[in-house]
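Readers should treat all values here as calculations from the given coordinates under stated rules, not as data from a laboratory. For clarity, every value in this text was computed on a predicted model and none was experimentally measured. In this analysis, Cβ positions are derived from the backbone assuming ideal geometry, glycine residues included, and neighbour counts consider all displayed protein chains.
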Amino acid sequence: MFLTKYQERMLNGEMGEAISKSFELIVKLGDLNDADKLIPIKNAQIAGVSYYTVGESIFSFLELFSKDKIKVKVPSWLNPAGMDTVKWKEMGISEDFAEKQNRIIKYYMDMGIELTLTCTPYLIGYEPSFGENLSWSESSAVSVANGYYGARTNREGAPLALASAVIGLTANYGLHMNENRMPKVIIDVQTEIKHFSDYSALGYWYGKNFKGLIPYFKGLKESSVDQIKMLAAAMAASGSVAHFHIENQTPESKLVDLGYIEENFEFLVEDKKSVYSIFQQTKEQADLVAIGCPHTSVDDLKKISSIVGDKTLRKGTDFWIFSSKKELETPGSKSIINQLENKGIRIFTDTCMVVSPTIRDNYENIITNSTKAAFYLTRKGQNKVNLQSLEEISMEVFE
Ligand code: F3S
């Protein structure tokens with residue numbers, strides 16, 4: 001890969017070990033992927049935050065940046081942590097876990113990274129612009145950034161996104177290149193996609209069957225970003241799909257060359273049912289409803305509130321929603337939050353059902369409307385999950 005003289009000096013350690021290591025990581029990956037050069041990024045979204053998922057090894061990695069007093073070069077924000085940073089005790093998190101989690105967060109904060117602690121930065125004012133290069137690492141956010149906004153990011157590993165944030169550059173390969181953004185499979189959606197869980201089912205089915213290939217969806221009605229985030233998260237979870245197009249909706253759908261299409265398929269009502277049946281795993285009363293994968297918007301909260309109406313949560317079932325602090329500060333959201341909390345619904349921020357240990361440790365039978373959450377919660381057999389729409393959930397757990 002071509003490096004300028006200045007970049008070579010950074011790689012060779014002129015600015016210290018952390019900068020050198022950051023260059024090394026990115027150049028190595030770039031060389032492996034035949035990148036021609038480094039390109040500037042506009043911002044970075046950094047995973048590798050939850051102590052539950054990263055473990056002890058993160059400390060020596062972050063210490064490398066701390067000892068050189070490194071600050072990020074571009075606006076950067078964080079993925080969810082393993083706990084709500086304020087209400088962690090209410091989540092059943094131990095003192096020991098909280099201490100370690102806070103240490104990790106402080107390392108990132110000292111580097112100038114904003115403590116957004118969310119997988120939906122685009123909901124809190126950080127919508128990417130068309131065509132700009134980013135270095136994002138949370139898989140659902142990567143897919144939304146590419147597909148819904150037309151920005152350009154590979155699905156970066158957490159160390160890579162941090163390295164990019166530190167040097168303000170990434171390697172020019174993969175989804176940064178026009179030719180790699182073309183769709184390979186047309187999916188003609190022939191069944192109604194109405195609920196968030198339907199978008200999630202479509203994404204799960206697609207990812208499972210067409211791993212890594214970029215889809216071009218036909219037959220999907222104009223969809224909101226909250227609906228799209230369910231689709232994108234599911235495709236990323238079940239099939240590492242990092243980009244997509246929707247006919248007449250997503251910004252690149254009119255620009256892409258359909259000559260790259262290799263296969264045409266239909267998504268039928270039986271396909272949708274097949275996903276719901278994979279995640280119908282228990283007939284016992286659910287001990288938890290978990291909503292917010294990806295993190296909920298205030299619009300989602302309003303929808304939940306209107307679906308639930310005057311009903312009250314039945315005994316024996318907890319109801320947790322995950323969002324971000326900044327989203328919940330949206331003007332006018334306080335009354336919705338109060339309405340939901342008065343019904344016994346708990347709203348946590350900074351974390352989620354997957355990257356916090358507490359749900360696996362304390363609950364067994366879970367209902368969710370997200371196939372991404374269902375996929376990860378059941379992957380190692382820890383939980384049994386039923387996939388349902390918000391309307392079905394409301395009928396089942398509210399009286
Ligand atoms: Fe976000 Fe956690 Fe789901 S990070 S996409 S809520 S697994």
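Observations, loosely collected:
- The distance linking the range 147-177 with the range 336-361 is 31 Å (Cα centroid to Cα centroid, whole angstrom).
- Efficiency of FRET from Cβ geometry, SER274 and THR312, R₀ 41 Å, rounded to 0.05: 0.75
- Of the three principal axes defined by the Cα atoms of the range 93-149, the extents in descending order read 42, 23, 17 Å.
- Size estimate for the chain follows the Kirkwood approach: the inverse of mean 1/r over distinct Cα pairs works out to 21.7 Å.
- Per-selection Kirkwood Rh - the range 157-290 (Cα, Å, 1 d.p.): 16.3 Å
- Close Lys pairs in the range 5-177, defined as Cα atoms under 20 Å apart and 8 or more places apart or on different chains, number 22.
- Considering only MET235, MET177, MET111, the mean-square fluctuation computed in a Gaussian network model of the chain, springs between alpha carbons under 10 angstrom, is largest for MET177.
- For the range 5-177: Kirkwood Rh in Å [reciprocal of mean 1/r, alpha carbons]: 16.4 Å
- Here the spin labels are modelled as points 7 Å beyond Cα on the Cα-Cβ line, and at MET177 and ASN342 they lie 5.8 nm apart.
- Loop-located trypsin sites (Lys or Arg not before Pro) in the range 311-398 whose Cβ has at most 13 other Cβ within 10 Å (DSSP): LYS311, LYS315, ARG379, LYS380
- HN-Hα J in Hz across the range 334-346 - Karplus 6.51, -1.76, 1.60, θ = phi - 60°, x for Gly and Pro: 4, 5, 5, 4, 4, 4, 5, 5, 5, 8, x, 7, 9
- Converting the Cα gyration tensor eigenvalues of the range 279-397 into ellipsoid dimensions via √(5λ) gives semi-axes, longest first, of 22, 16, 12 Å.
- Gap separating the Cα centres of the range 95-139 and the range 185-232, nearest whole Å: 26 Å
- Exposure proxy ranking for LEU377, LEU3, based on other Cβ atoms within 10 angstrom of each Cβ and starting from the fewest, stands as LEU3, LEU377.
- Of the residues LEU117, LEU78, LEU288, the one that moves most in a GNM of the chain with alpha-carbon contacts below 10 Å is LEU288.
- Sequence of MET15, MET109, MET10, MET230 once ranked by neighbouring C-beta atoms within 10 Å, starting from the fewest: MET109, MET15, MET10, MET230
- Contact order, relative form, for the chain: 18 percent (alpha carbon pairs under 8 Å, 6 or more residues apart, mean separation divided by residue count).
- THR170, THR371, THR53 arranged by Cβ crowding within 10 Å, fewest neighbours leading: THR53, THR170, THR371
- Within a Gaussian network of the chain (alpha carbon springs, distance under 10 Å), most fluctuating of SER277, SER356, SER143: SER277
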